[in-house]
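J.: Sharing a structure, written as structure tokens. Questions coming.
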Amino acid sequence: MSTAGAVFTTLFTITLTVMLIKILGQAAGGQVSSQDVLALIGFQALNYMPVILILTGFISVLLVVTRSYQDSEMVVWFASGLSLTRWIRPVLRFGWPIILLTAVLSFVATPWANQQSAQFRERFEKREDIARVSPGKFQESATANRIFFVEGISGDANKVKNVFVNTFRDGKNSIVVAKEGEMEVDKDGEKFVVMNKGRRYDGMPTQPDFQMVEFERYGLLVGGQSQAAARALQTWDLLAQDTQFTRGELLWRMALPLMASTLMLLAIPLSFVNPRVGRSMGLLVALLLFVVYSNTVSVMQSSVIQNRTSFLLAWWPVHLVVALLVIGLFFLRLKVNSHYHPAVMWSRVRRALFLKRQA
């Protein structure tokens, strides 16, 4: 626990420093309000807390067991007839609060922090595209492919009068004019500007593919649901909305407590080190395994978001591979009197080859 406290303090200080530099840069660039810097740092700290806790548990167990090997305490441990598996119970007793706290942060606290952070940023940016437009001024959209102009705003801030929208996409120009419009959000979180009583002009009047359409009601997509929006949803809302973004976010939240438990168990057999050799190499290998593990989960999440893999086939294989790796490393490290242990079998093969050469 004392080692975990030192590791957590170090990791949290580094993360907090990086976040402070990043958010101060955003405030200096006009992306966020300078008054919201401290609040945004707090929300981001909650967002990164599950990963910090996972690393804290993993590195703490790794350092303690590695030091026991290097101080020759494990020699006494094994000479006393104790197995390496006897470390599992104290490690789990130390690690279950970390696993529980990681799950609470992942499923409850982190979505709330992302939601609050998004509200602070949205309050500063004053919504997307048409909601940012000032009456009587041409305004470019956030994607730089659309220009808005409205003559005035009704009593509701979401409703505008005499709308002009010029969109350039795939080398073609499209102009929409309408008497009035308003912002709507559908059940999937996509934002539309719904315009009434207007016309749409596609192409140039001098070209043969020029089209003009009159409409009573026309919806223009200005902001689809994104992964950032899914991260701000509570877990019960993720279960209610069956989209690729919500499935990907649910996969990541489920992966965090599983990573916390498997990595702490992996650290026990991974901590083996020769007492005459430094332990820095083992720590580097362990951190490399963590990076590979975390990035593989992120790849599976991206695959679900892009509809390349179903959620049911994506959430479990990575954790199963790591669990099998834990079992395999324990099996290799155990000094058991078994005819099927790899070390015993290899010793028997070497003895047979030696006797054959002697004969």
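Bear in mind that the values in this text are calculations on the coordinates, not laboratory data. Only a predicted model underlies this, so the values are computations on that prediction, with no experimental measurement involved. Here the Cβ is made from the backbone with ideal geometry for all residues, glycine too, and neighbour counts use every protein chain on show.
J.: Under a crude label model (7 Å from the Cα following the beta-carbon direction), how far is Q234 from N274 in nanometres?
T.: Rounded to a tenth, the inter-label distance reads 5.7 nm.
J.: Turning to a different aspect of this structure: Mind checking the full-extension length gain between L92 and N295? Use 0.36 nm per residue of separation minus the Cα-Cα distance, one decimal, nm.
T.: Residue separation times 0.36 nm, minus the Cα-Cα distance, leaves 70.6 nm.
J.: Tell me, what is the Rg over Rh of segment 26-112, with Rh the Kirkwood radius over Cα pairs?
T.: Answer for segment 26-112: 1.25.
J.: Using a Förster distance of 25 angstrom, determine the FRET efficiency expected from the C-beta separation of K179 and M204, and round it to 0.05.
T.: Here the calculated transfer efficiency is 0.55.
J.: Still on this model: Can you tell me the length gained on complete extension of the stretch A118 to V321, counting 0.36 nm per residue apart and subtracting the Cα distance?
T.: Length gained between A118 and V321: 69.5 nm.
J.: Please find the FRET efficiency linking V75 to T13, where r is the Cβ-Cβ separation and R0 is fixed at 30 Å, and quote it to the nearest 0.05.
T.: With R0 = 30 Å, the Cβ-Cβ based efficiency is 0.25.
J.: So, one more: Stretch T85-A28 to full length: gain in nm at 0.36 nm per residue minus the Cα-Cα span?
T.: Separation in residues times 0.36 nm, less the Cα-Cα distance, equals 15.2 nm.
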